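*Asks:* Below are the structure tokens for one structure; questions will follow.
Where a number appears in this text, it was derived from the coordinates with a stated rule and is not lab data. Keep in mind that this is a model prediction, so the values were computed, not measured. Here the Cβ positions follow ideal geometry from the backbone for every residue, glycine too, while neighbour counts run over all protein chains shown.
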Amino acid sequence: MIKKKKNQTKSLPNNGLRILFADDEPTLQEIMHVELTEMGHQATVCPDGITACAALDMNSYDCMLVDLDMPGMNGIDVIKYAKDLNPAIEAIVLTGKSSLETAVAALRQGVFDYITKPCKLIELTAIFDRVREKISLNNQLKAMTRRLSAVEGEPEMVGNADGIENVRKLIRKVAVTNSTVLIRGETGTGKELAARAVHNQSPRAEQPFVAVNCGALPENLIESELFGHRKGAFTGADESRQGLFEVASGGTLFLDEVGELPKSMQAKLLRVLESGEVRRVGDNEPFKVDVRIVCATHRNLGEMVDEGDFREDLMYRINAFQIELPALSSRKNDIPELAMHLLKRFMPEAYAAGKPEECFTQEAMDELQSHTWPGNVRELANVIEHASILAEGLPIELETLPSQFASRGRSSKKLSFGPMTLKAIESQAIEESLERHNGDKQAAADELGVSIKTIYNRLNAPQLSVKRAA
């Protein structure tokens, strides 16, 4: 019989485990169902090994507490069956026989712990706490492995422009809460960096940060990736697998490009956000998750709602707090500092130099600051990496920048604004911009800061003779 200790501290529901209990004693079954539930766990109670295996076929569990001596199918056989379905499940053996042989046989099956009848609730609570800690550490390891394979450089927001200072202020405000955050900004502005900052400044900082690009997932695998699946749930599901909601347990799940989710998945995501429950593909029963959600998109979700491409209720649910990231073109004074920060990734000697003027020639920096940066910081990172490969040392010269920068710098040297009219100067600037962009009128307009209508007007002017590429 279980010995109950008065004033026993109950586990918090958010930290509850999914536990399968199997024992052929009816009284113990009833007691365990009540006590495990009161401890904050989700319990499935089975009277024998065959029923336990049937339950394992239907749902996934974090751990199992099984009696070794059951009629028909003993505890060791049940553990073997469970481990074949889900190697990550933790098994705790409960037996009335305190024999060395039984303990050794159980340990060989990868049993987490071994406890004899009658057991105390305080002993079970301690074991469950250790199971929960192991699961948490495994999740952190998975999240760290995922992060190391995806992260590019140190997660640091660089720059002093007003837009970036405002972003830092908003992050500090929202990080300490548990609110869902929506980060908006053009491609390459650093939305994942901002999401990491929210996580790192939050009470969840020591727990996993898991990032997933919703637009990069095949539609038929999105549900499995996010929510997990059990073995045999579909063709190719050779083993049970945790979803990213489980991997991020206790921490933050970053859903990048959330606007790319198909409508069917939008409905399922909304249900998870509203209920706090996830159901693995192939499972019958949902389970609670404790995850903070941060989303990001470069798209206008309001327009997508109007066009019927995004659920309005989901938009309001993920947009509890919004952070807008500025484009690099609006913070060009930050480019020297950003360029230095990026250069340190690729050239260790940049650490010793320390200052932008020692690492870039004035010509090179002028070209970097005059560029429109449609790809934002990500494009700048690519340019700096290109230059670091070609450079034979510091400082970085104009010639080591990608060809469009170097050719633009050479052409600018040839400019000679002698006695010319303002219209002639404008026409010459447009002509050179069109040449740099191979006739792309929109790109030329963006670079010069004028409307495309102005470009067409100048093209039709008699003084501008340029090869009109399509």
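*Asks:* Specify, per residue and in Å³, the volume enclosed by the convex hull of the alpha carbon atoms belonging to region 329-412.
*Replies:* 80
*Asks:* State which stretch of the chain is the longest one without any exposed chymotrypsin sites (Phe, Trp or Tyr not before Pro), exposure meaning a DSSP loop state and at most 14 other Cβ atoms within 10 Å. Show your work: numbers first, answer last.
*Replies:* Working: sites that count: 234, 417.
The longest such stretch corresponds to 1-233.
*Asks:* Distance cut-off 29 Å, Cα to Cα: go down the list 355/423; 169/441; 80/120 and report the pairs above it.
*Replies:* Too far apart for the 29 Å limit: 355/423; 169/441.
*Asks:* Right, something else. Full extension from residue 456 to residue 330: what is 0.36 nm times the residue separation minus their Cα-Cα distance, to one decimal in nm?
*Replies:* 42.8 nm
*Asks:* Which distance in nm do the two modelled labels at residue 54 and residue 312 give, with both placed 7 Å along the Cα-to-Cβ direction?
*Replies:* Rounded to a tenth, the inter-label distance reads 4.7 nm.
*Asks:* Per 5 Å bin, what is the whole-percent P(r) computed from every C-alpha pair distance within region 241-392?
*Replies:* Per 5 Å bin, starting at 0, the Cα pair percentages come out as 1, 8, 14, 14, 11, 10, 10, 11, 9, 7, 4, 1, 0.
*Asks:* Same structure again: With each pseudo-label sitting 7 Å past Cα toward Cβ, what's the residue 33-residue 133 distance in nm, one decimal?
*Replies:* 3.2
*Asks:* Taking 0.36 nm per intervening residue step and subtracting the Cα-Cα distance, what contour gain separates residue 440 from residue 319 on full extension? All intermediate terms of the calculation are to be shown ahead of the outcome.
*Replies:* Details: separation 121, 0.36 × 121 = 43.56 nm, distance 3.65 nm.
Answer, rounded to one decimal: 39.9 nm.
*Asks:* Between residue 284 and residue 165, what is the label-to-label distance in nm when each label sits 7 Å out along the Cα-to-Cβ direction?
*Replies:* 6.1
*Asks:* Report, in cubic angstrom per residue, the convex hull volume of the C-alpha atoms of region 13-134.
*Replies:* It is 94 Å³ per residue.
*Asks:* Shifting gears a bit: With the radius of gyration and the Kirkwood radius both derived from the Cα set of region 151-326, what is their ratio Rg to Rh? Numbers along the way, then the final one.
*Replies:* Values: Rg = 16.3 Å, Rh = 16.8 Å.
Across region 151-326, the Cα-based Rg/Rh ratio is 0.97.
*Asks:* Just the Kirkwood number for the chain, please: inverse of mean 1/r across all distinct Cα pairs, in Å, one decimal. Each step should come with its number before you reach the end.
*Replies:* Numbers: mean 1/r = 0.0377 Å⁻¹.
With all distinct Cα pairs of the chain included, I get 26.5 Å.
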